[in-house]
Amino acid sequence: MSVNVGGRVDASLMHTPLIQHFQYLQSTLPGDGPGFSALVLEHGEVTFELHHGLASLELGVPLSARSMYYLASESKQFTAAAIMQLVQAGRIALDDDVCVHSPELAGFEQPFALRSLLNHSSGIPDYFQFLQCQPGRHEADYFSNREIMALITRMDQVAMPTGTAHRYSNSNYILLAALVERLSGQPLARYVKEQLLQPLGMKHSGFDDDRQNVLPHRVFSYEEDAARPFGYKQQLGNANTVGDGGMVASVEELVLWEREWHRQWAEPGSVLRAMLEPSALQDGSIPDYRCGLEWVQHDGHDVVFHGGSLWGFNTILLRLPQRQQSVILLANTDRVDRDWQQLVAAALA
């Protein structure tokens, strides 16, 4: 199946459930508001692509294949891939104590295995809850990795005993960003750009480690607000963190990432396969979450995905590896539902 950027579809493909899913989504959003980009990749070929809505309401710029979306927590898989490259290079091991490289964790007075950060079983509290309770802090106040690392330095109690459960914490991936720099000698943004993205031909995507930089084709996000002129409020993101979030990418370049993803799925010794190795908790159970990805079963099919949501951006990269299929959905509005189960059901119908 194939659809061009304008959203027109061959009549013979009108009843494909996945196309219908995106066409219905398109029908719920006005063309002169924020919207989404959707793409389906099958056996390495783009079989469906649709862009609907505006990247900038102020300038009337339409969304396109080159639009640079903020990926939010979708970014974690790129951080984890960088760490796993360093593991495979012998710079660190999954069961090594990261405290050796992370003096910010001294207050906990306990070791933390690298795998516990990658898979969110460390128990290190999520920094967002501490930002929210700081007296005098406002929602729009800016913060970066430096501020968050200083906050982590003041932590001294885990939210749960390490290794006993999966408990999602953005702090883990802030620490991993610092670890990449300390092990490689390069900031995370530069390492990922040079070691992961540029070799695939991804020239423009990467970690946005300075949000004051001019970024061609940057997408802005919006929230509906009937009380404001034009009915929307622009989301002014206050975070400049990388590792837990911070990646910006276009559908055009994410296709290259997805092709490499499926190539590595078929390669037992690949970085991806290392990322997907199970890490058991103390009770022997194995969480679905593995190194910035979730791996679940749905009607006998492997499904590997991760999503992101922040400041009105909603994103998901979803794979059905047995079908060599990827579904990319990037949006700059909260009105787009990135429910992975709906996408899988439509893809398999």
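Over the alpha carbons of the range 52-177, what is the largest minus smallest coordinate on each principal axis, giving the biggest first in Å?
So the extents along the principal axes, rounded to whole Å, are 53, 43, 25.
Fewest to most neighbouring Cβ within 10 Å: what's the order for His204, His43?
Ordered by Cβ neighbours within 10 Å, fewest first: His43, His204.
Using a Förster distance of 22 angstrom, determine the FRET efficiency expected from the C-beta separation of Asp299 and Ser27, and round it to 0.05.
0.20
Treat the count of other C-beta atoms within 10 Å as a stand-in for reagent exposure and order Ser116, Ser205 from fewest to most.
Placing the least packed residue first, the sequence is Ser116, Ser205.
In the P(r) worked out for the range 184-324, what percent of Cα pairs fall beyond 23 Å?
Above the 23 Å cut-off, the range 184-324 has 47 percent of its Cα pairs.
Testing the spin-label approximation: label points 7 Å from Cα along Cα→Cβ at Arg323 and Gln212. State their distance in nm.
A separation of 4.7 nm, rounded to one decimal place.
How much space per residue, in cubic angstrom, does the convex hull of the C-alpha atoms of the chain take up?
For the chain, the hull spanned by Cα atoms encloses 139 Å³ per residue.
Need the list of aspartates and glutamates near Lys233 for cross-linking: C-alpha distance under 18 angstrom, and skip anything on the same chain fewer than eight residues off.
Asp32, Glu58, Glu139, Asp141, Glu223, Glu224, Asp225, Asp334
Identify all aspartates and glutamates with a Cα-Cα distance to Lys203 below 14 Å; exclude those on the same chain that are fewer than 8 residues away in sequence.
Glu194, Glu252, Glu253
Find how much the distance from Asp225 to Ala349 grows on full extension, using 0.36 nm per residue of separation minus their present alpha carbon separation; answer in nm with one decimal.
In short, 41.0 nm is gained.
Hey, can you rank 310-319, 160-169, 290-299, 253-262 by average C-beta count inside 10 Å, highest first?
310-319, 253-262, 290-299, 160-169
So for the range 27-178, averaging the separation of alpha carbon pairs under 8 Å that are six or more residues apart and normalising by length, what relative contact order in percent results?
Result for the range 27-178 is 20 percent.
Quick check: net charge around Leu105, other residues with Cβ under 11 Å of its Cβ, Lys/Arg +1 and Asp/Glu -1?
Result for the neighbourhood of Leu105: -4.
Remind me, relative contact order of the chain in percent, using alpha carbon pairs under 8 angstrom and six or more residues apart?
Dividing the mean separation by the residue count of the chain yields 25 percent.
How do Phe207, Phe305 line up, fewest other C-beta atoms within 10 Å first?
Ascending number of Cβ neighbours within 10 Å: Phe305, Phe207.
Readers should treat all values here as calculations from the given coordinates under stated rules, not as data from a laboratory. The structure presented is a predicted model; accordingly, all values stated were derived computationally and were not measured. Don't worry about glycine lacking a Cβ; one is built from the backbone with ideal geometry, like all the others, and counts go over all protein chains shown.
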